[in-house]
Amino acid sequence: MGVSERNLAIINSIKQSDLSSYKALRDLLDMAKVIADEEGDNDIAYALKLSDFVKRKVPTLPVSVGMNDLYWDALKFEAPHRFESFLLYMERKRRPEKRFYQPRRKTLHIVAEDLQDLEDGKLDFYGLSMPPRVGKSTICIFFLAWVIGKRPASHNAMSGHSGILADRFYTDVLKLTTSEEYTFSEIFPQIKFPKTSSDKNELRYDEVESFATLTCRGIDGTWTGAVDISADGYLYVDDMVRDRTESLSPKRLENRYQDYLNVLVDRKNDGSRELMVGTRWNVLDPLGRVETENKDNPRYRFRKIPALNENDESNFEYEYGKGFSTQYYRDMREKLDRNEWMAKYQQKPFIREGLLFPVDELNYYNGVLPDGDYLSAAACDVAWGGNDSLSMPFGYSFGSRVDGPIYIPDWIFNKGDKYKTKPLVTAKIIQNKSSMVRVEADNGGDEYAESVEVMLKEQGYKTNITWTKASNQMSKIAKIIQYAPDVKRRCRFLSPELQSEEYKQAMEELTSFTQIGKNLHDDAPDGLVQLIQFISGELYAKCEAVNRPF
């Protein structure tokens, strides 16, 4: 059903008036409420556009009590329909420094938008990974409270690694929906005080339903026959892995995953949606398993927000002194085991089993090259999309080219297109005074090399640049495994504090590469293997048996 002609005429009249006045904006918001009430659900989207206009217009106008009240009224109107408006209006009575969402909005806004998409039916599953104590669980508790207000007759369930965790969620949801500190009763005045069962951690907001609106229970609790997740409800799973010790046991992780499937997922009805939150300890944890199995499914979304961003600055330095500063995270990085730091804080889970290039088995140097003659060379593995990186390590070979040390002072590791990487490759070759450069010629690498050669000549720099196709005598993973001992024995990498951002990214990919399981990318180790082969003079040709010509 469309907006009625009468209401449309009123809207146009309001829009043509002075929208810097309180009265015009109030009339527009009142009209949004009329449309929502009279026109039905089909036009709620239009009504929300009007309220959103009012909400955004108010802060640009002179401050007054009336304007401030109008802003809150717009939020209240939107709160049953817009999750972020619910978050903001729920804490209207709280002092700004005591609020949860507003001081964290800069970072958590994207999470609120993701959860809106989940509720709007754009997603079936949402996985969220962030560092400890930054608000990931709390925003999800608010989300459950919102769902309860919208659909008190739905059946929802929350679970985690322990009953203690479930107790906390039960208490928090009860507080959000009943405490006068929050405005839940204003947003959803039809919702009655819940019938509680603290021994079972059940909350019932609809007396007719046989199952609870929300059940909070550890994965080791009773689920079969006691918990139901309705077609319009949610399964919320938070922190399935108990701790670091559990994350190091493949067997325990497999048991956790099977418990998740057979105990929790088993309670879902057709149409139930899912929200999973947790610290990404290991690629084999339940969240990692779900992501691997659904990486190409557009209805599954996985949001990862690291402690430090690409500029090495905190993503969680919130207002009013909340959150964690850049220096806090940098200090934490220095104290923790690298794998633990990357997993727990940077959302890059690790697997210790089968690592080919562990950090503590590699050789490093302080940036000062030894005296003596050397050969400067580079190997370029060109990327052609698919989120791969152009990997080009630069090596200085001392002593024997066959088994002597190779120092790696520079490394291009870039996801940019050829128009970005060609000038960068050209500049780095000149900067490192590379006398030999080899480019892998597969999929147009020969054209790439010829183009770089032309650019070098234009700069007046001469080097021996060649290109060759990758050998088809063995798979790439087999080749990397074969040369892993040479990488660990011969290569000398820059000390971490001296590495550029791209160099660090290459090292992260290198040190997380495993010979068991699945690697998302192999650009870093493959580039190093090509460099070692190039410096060592190892060339491969395909041989075929033929009849003797004489």
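Bear in mind these aren't lab numbers, they're just calculated from the coordinates by the rules spelled out. All values derive from a computational prediction rather than experimental measurement. Using ideal geometry, Cβ is built from the backbone for each residue, glycine included, and neighbour counts are taken over all protein chains shown.
So here's what we get for this one:
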| item | result |
| --- | --- |
| Rg/Rh for region 392-470, where both radii come from Cα atoms and Rh is the Kirkwood radius | 0.97 |
| FRET efficiency estimate (nearest 0.05) - Cβ-Cβ, ILE430 to SER249, R0 60 angstrom | 0.75 |
| Computed [θ] at 222 nm, helices only, for the chain once each DSSP H run of length n ≥ 4 contributes -39500 (n - 2.57) | -12500 deg cm²/dmol |
| Compactness of the chain - radius of gyration and Dmax, Cα, Å | 29.5, 103 |
| Difference of contour (0.36 nm per residue) and Cα-Cα distance, LYS476 to LYS420 | 17.5 nm |
| With Cα atoms, 0 to 90° folded angle of helix 101-119 axis to the chain main axis | 90 |
| Integer Hz, Karplus 6.51/-1.76/1.60 couplings in order for region 450-463, x for Gly and Pro | 4, 5, 5, 4, 5, 5, 5, 4, 5, 8, x, 10, 10, 8 |
| Mean separation of Cα contacts under 8 Å (6+ apart) over length of the chain, as relative contact order % | 11 |
| Between 0 and 90°, nearest 10: helix 22-38 axis offset from the chain longest Cα axis | 90 |
| Calculated from backbone phi, Karplus (6.51, -1.76, 1.60) coupling profile of region 426-436 in Hz, x at Gly/Pro | 4, 5, 5, 4, 5, 4, 8, 6, 5, 8, 9 |
| Euclidean distance of C-alpha centroids, region 481-522 and region 152-170, integer Å | 41 |
| Cα→Cβ-extended label distance, 7 Å offset, between GLU447 and VAL402, nm | 4.0 |
| Volume in Å³ per residue [convex hull over Cα atoms, computed for region 124-202] | 120 |
| For TYR365, residues with placed amide H under 5 Å, excluding near neighbours | PHE493, LEU494, SER495 |
| Calculated FRET efficiency for the pair THR466/VAL34, C-beta based, R₀ 60 Å, to 0.05 | 0.20 |
| J(HN,Hα) series, region 477-489, from Karplus relation 6.51 cos²θ - 1.76 cosθ + 1.60, nearest Hz, glycine and proline x | 5, 5, 5, 5, 4, 4, 9, 3, x, 5, 4, 6, 8 |
| Mean Cβ count within 10 Å, highest first, over the residues of peptides 302-313, 264-275, 212-223 | 212-223, 264-275, 302-313 |
| Principal axis dimensions, largest first and in whole angstrom, of region 79-330 by Cα | 51, 45, 34 |
| For region 359-536, the spread of Cα positions along each principal axis, largest first, Å | 43, 40, 32 |
| For CYS380, residues with placed amide H under 5 Å, excluding near neighbours | ARG438, VAL439, GLU440 |
| Amide N of region 257-299 lying under 11 Å from the label point, which is placed 7 angstrom from the Cα of ASP124 along Cα→Cβ | 270-274, 294, 297-299 |
| Equivalent-ellipsoid semi-axes of region 221-264, from the Cα gyration tensor, Å, largest first | 24, 11, 9 |
| Amide hydrogen neighbours beyond the local backbone of ILE412, cut-off 5 Å, H modeled | MET392, PHE394 |
| FRET efficiency estimate (nearest 0.05) - Cβ-Cβ, GLN258 to ASN363, R0 51 angstrom | 0.80 |
| Distance (nanometres) between label positions extended 7 Å along Cα→Cβ at LYS457 and GLU181 | 7.4 |
